[in-house]
Each structure stands twice: as C-alpha cells, then as structure tokens.
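Undergrad: This is the structure I have questions about; it appears just below.
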Amino acid sequence: MQNKTLDFHMTTTCNHACIFCSEDDRMKLYAKHPLTELQIKTILVDRAKKWFNYVNFTGWEPTLFPNFLKLLKFAKTLGYTIYVGTNGTMLAKPEFAKEFLEYVDVLSLSIHWFNQDSCVAQVWDEGHYARFRDIARNVTQYKKSHHYFQSNIVINELNYRHLVDIAQNMMDMGYAVNHFLVSYIAPEGLARKHYKELSMDYNDVIPYIHALRDFSRKNNKELRIFGIPLCILGADYEELSNDTYWKERNTIERFTTRDGKVTLVDIYSPDNSRERVFVDKCTDCKWRESPCTGVFEQYLKHYSF
Ligand code: SF4
C-alpha cells in the first residue's frame, strides 16, 4: 500500500530552530503555538479512517510536547508508521529513549555541527554537544532491526566545508545512523530574514557534497540531497535527490494570527516546491517538475544561476 502521509508541525511554522533560536526563544514560541494533544488525537483518528498510514511529528522540538510518549503510543495503536524529526532533547534520558523507540520507526536527528564550538555557534546551547553523546548512546542502545536512523544536516555558511567532519563525528559519538539527509538552507522562517548571511553559492558547496558522497559509499550509508538542483549536482545525483522520493502530504499546523485568533490549518502539498521557481534555463530541462521543482526565489536574489 502506498503511504498516505500526515505531518504535524507541533509548534510553529519555522523548522530551523536549531540554527537560529536559543532554547529559551524556542520555548517562548512553543508556549504560543502548540497544537493540543486532543486536537492531534482527533486528527489522527479521522485520518486513519481515510487510510493515512504514515505520520511525521516535527517542528521545533516535538519531544518536549507534553505527553509526547502517550501520543506516540496512541498513533501506534492506530497503525501509523511514525517518523520524528528532533534535536533529541528528551532522548538524553534513557527511559524516555527506550519507550520512544517502542513506537517510533524512523528517527531523524538534527545534527549540523562536528565539535563543541561549531555546535554552540549553531545551536546556541553550551550543553547540547555533551547531551548529544547521551542521546546517541541511548537511541543506539535501544535500536532494533526495524528502526531507521537519519541525520538531518542543514548546510549553511557556518558548516558547509565540514560535511564529512559532521558525518564522521556523529558516528564517532556513537549514533548508529543509516542515512544522511543534507539540506541546503531553505528561505523559511527566520532563515528568510538572514538568507544572505546563511546561504552560499551552490558551486562552492559541490566539492564538499562530492566528498560526503564518497564517505557515505565507503561507510555504507544512504545519502540524499535537498535544495540543490540537479543541473548543479550533476546527472549522477539523480538517485540522490531527496525530491525524487518526496510524497504528497497534509500538514497540520496551529498558529496565532496578528489579531490574536488561534487557527488550525491543514495544508495539502502536492509537491515539494517550497518557494522554488523555474527560470529560463529550466525550459527544456529533462528534470523540470520531476524531480526538480526549481531554485529558491531568495537564492536568485543573491547569486547568479
Ligand atoms: S529544472 Fe531548472 S533548476 Fe531544475 S535541474 Fe533543470 S535547469 Fe536546474
């Protein structure tokens, strides 16, 4: 059966918390925007009846959601395959990690750094690097054969020269990773405001992507790239473009409007364009539409393409 995918953005519309917001900022935002447990459960039940079978919990830090383990258990009893995108905060506790992995099938940890300094520069949390050692140990200890572990590496000006260092370091710290997802920074949330400072010319990144591809092959890891068009990556990356594997989905978010009203939105995304556009050179491109959805509009403002 083909997956029908449901995303819950647990807190806000921005998904680059690790790079731009301190833990305090994140929790202030979190306090304003959470979906409630009852809202999520109600939607899970409704969509299970409509044959949705895959659920993603993402957005800021889902493990901090109150009663998150109960919620995961509930989703599991409804038959969902469960994906969680997280920086792993609560997984530093062994008992939490153990129960979490009883329900979760795919774990995606955000890891954009390769040592204490690069971690602090991007996460703004002095304790996160040491905490990650506990997170890696706990999830690896409780990993079973059906689990699939990813790392989400958002590349930005601070880290793009160190992709292999990032991959090697997470393995050295004990994370039993199966798959590296490397995402060129998307102009969303706070990243839109700071796009010029955080982004870089695609061509500058390519040598480091090639190095990570070689590293991944050597270490028997999967690699996927998001946000860099195939005309830049090259034809031999066709199977490595994350867009090739993207599936349509519904995303549930709750936010407060400027006039203070709380709104629940259900966004159907038939493609993964995320503010990417086609330009003249796309006209006759064989990758146009599938898998490529173009280049970020914001990117075009700062770089030639
Ligand atoms: S569609 Fe455009 S951006 Fe995408 S690979 Fe082709 S030329 Fe590049």
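The values are calculated or read from the model by the stated rules, or taken from the named source; none is laboratory data. Keep in mind that what you see is a predicted model, and the values were worked out from it rather than measured. Note that each Cβ is placed from the backbone with ideal geometry, even for glycine, and that neighbours are counted across all protein chains shown.
Undergrad: Tell me the residue from TYR83, TYR103 that is aromatic (Phe, Trp, Tyr) and closer than 25 Å to SER183 by Cα, please.
TA: Values: TYR103 fails: closer than 25 Å to SER183 by Cα.
Answer to the check: TYR83.
Undergrad: Quick check on SER151: is it hydroxyl-bearing (Ser, Thr, Tyr) and either free of Cβ contacts under 8 Å to residues at least 60 places away in the same chain or over 26 Å from THR5 (Cα atoms) (or both)?
TA: Values: hydroxyl-bearing (Ser, Thr, Tyr): yes; either free of Cβ contacts under 8 Å to residues at least 60 places away in the same chain or over 26 Å from THR5 (Cα atoms) (or both): yes.
The answer is yes for SER151.
Undergrad: Within region 283-295, track down each residue that is assigned to a loop (DSSP other than H, G, I, E, B) and either closer than 25 Å to ARG192 by Cβ or within 6 Å of the ligand (Cβ to nearest atom) (or both).
TA: Of the residues in region 283-295, the ones assigned to a loop (DSSP other than H, G, I, E, B) are 283-287, 289-291, 293-294.
Answer for region 283-295, where residues must be assigned to a loop (DSSP other than H, G, I, E, B) and either closer than 25 Å to ARG192 by Cβ or within 6 Å of the ligand (Cβ to nearest atom) (or both): CYS285, TRP287, GLU289, PRO291, THR293, GLY294.
Undergrad: Another one. Kindly check whether there is at least one residue in region 272-282 that is modelled with pLDDT of 90 or more, more than 8 Å from the ligand (Cβ to nearest atom) and within 18 Å of GLY234 (Cβ to Cβ).
TA: No, region 272-282 contains no residue that is modelled with pLDDT of 90 or more, more than 8 Å from the ligand (Cβ to nearest atom) and within 18 Å of GLY234 (Cβ to Cβ).
Undergrad: If you scan region 168-202, which residues turn out to be modelled with pLDDT of 90 or more and of a type in the set (A, V, I, L, M)?
TA: Matches in region 168-202: MET170, MET171, MET173, ALA176, VAL177, LEU181, VAL182, MET200.
Undergrad: Quick check, is ILE232 within 16 Å of the ligand (Cβ to nearest atom), at pLDDT 80 or above and over 23 Å from SER108 (Cβ atoms)? Full working, then the answer.
TA: On the way: within 16 Å of the ligand (Cβ to nearest atom): yes; at pLDDT 80 or above: yes; over 23 Å from SER108 (Cβ atoms): yes.
Spelling it out, ILE232 is indeed within 16 Å of the ligand (Cβ to nearest atom), at pLDDT 80 or above and over 23 Å from SER108 (Cβ atoms).
Undergrad: Check every one of the helices (runs of 4 or more DSSP H) wholly within region 159-239 and list those with 3 or more residues that are surrounded by 20 or more Cβ atoms within 10 Å (Cβ to Cβ). Steps first, please.
TA: Values: elements: 163-172, 190-193, 195-198, 202-218, 230-233.
Of the helices (runs of 4 or more DSSP H) lying wholly inside region 159-239, those with at least 3 residues that are surrounded by 20 or more Cβ atoms within 10 Å (Cβ to Cβ) span 163-172, 202-218.
Undergrad: Here is a further query. Just to verify a result, which residue in region 30-47, among those that are surrounded by fewer than 18 Cβ atoms within 10 Å (Cβ to Cβ) and of a type outside the set (Lys, Arg), is modelled with the highest pLDDT? Show your work before the answer.
TA: Taking region 30-47 first, the residues surrounded by fewer than 18 Cβ atoms within 10 Å (Cβ to Cβ) are 31-32, 36-39, 41-42, 45-46.
Okay, now just the ones that are also of a type outside the set (Lys, Arg), so 31, 36-39, 42, 45-46.
On the way: ALA31: 56, THR36: 78, GLU37: 82, LEU38: 85, GLN39: 83, THR42: 90, VAL45: 94, ASP46: 90.
Going through the qualifying residues, I end up with VAL45.
Undergrad: Continuing with the same structure: Cβ-Cβ below 8 Å, separation at least six or inter-chain, first residue in region 218-234 and under 19 Å from ARG288 (Cα atoms) and of a type in the set (Lys, Arg), second away from the ligand (no atom under 13 Å from the Cβ) and outside any loop (DSSP other than H, G, I, E, B): which pairs?
TA: Within 8 Å, the pairs are ARG224/HIS179; ARG224/PHE180; ARG224/LEU181; ARG224/VAL182; ARG224/LEU240; ARG224/ASN242; ARG224/TYR245.
Undergrad: State which residue pairs qualify: first residue closer than 12 Å to HIS147 by Cα and inside region 92-113, second residue surrounded by fewer than 24 Cβ atoms within 10 Å (Cβ to Cβ) and small (Gly, Ala, Ser) in any location, beta carbons under 8 Å apart, and separation of 6 or more residues or different chains.
TA: Going by the 8 Å Cβ cut-off, the qualifying pairs are TYR103/ALA75; SER108/GLY85; SER108/SER151.
Undergrad: Only residues that are of a type in the set (Phe, Trp, Tyr) and away from the ligand (no atom under 16 Å from the Cβ): list them for region 194-229, please. I'd like the intermediate steps shown before the answer.
TA: Narrowing region 194-229 to residues of a type in the set (Phe, Trp, Tyr): 195, 202, 208, 215, 226.
Residues satisfying the conditions are TYR195, TYR208, PHE215.
Undergrad: Quick one: what pairs do we get from region 36-58, first residue closer than 17 Å to THR81 by Cβ, second outside any strand (DSSP E or B) and among the hydroxyl-bearing types (Ser, Thr, Tyr), C-beta under 8 Å, 6+ apart or different chains?
TA: LEU44/TYR80; ALA48/TYR80; PHE52/TYR80; ASN53/TYR80; TYR54/TYR80; VAL55/TYR80
Undergrad: Kindly indicate whether any position in region 74-86 is of a type in the set (Ser, Thr, Tyr) and in a loop (DSSP other than H, G, I, E, B).
TA: Step one: list which residues in region 74-86 are of a type in the set (Ser, Thr, Tyr), which gives 77, 80-81, 83, 86.
Those left that are additionally in a loop (DSSP other than H, G, I, E, B): 80.
Checked region 74-86: at least one residue is of a type in the set (Ser, Thr, Tyr) and in a loop (DSSP other than H, G, I, E, B).
Undergrad: Considering only residues that are at pLDDT below 90 and in a loop (DSSP other than H, G, I, E, B), look in region 52-73 and name the one that is surrounded by the fewest Cβ atoms within 10 Å (Cβ to Cβ).
TA: PRO66
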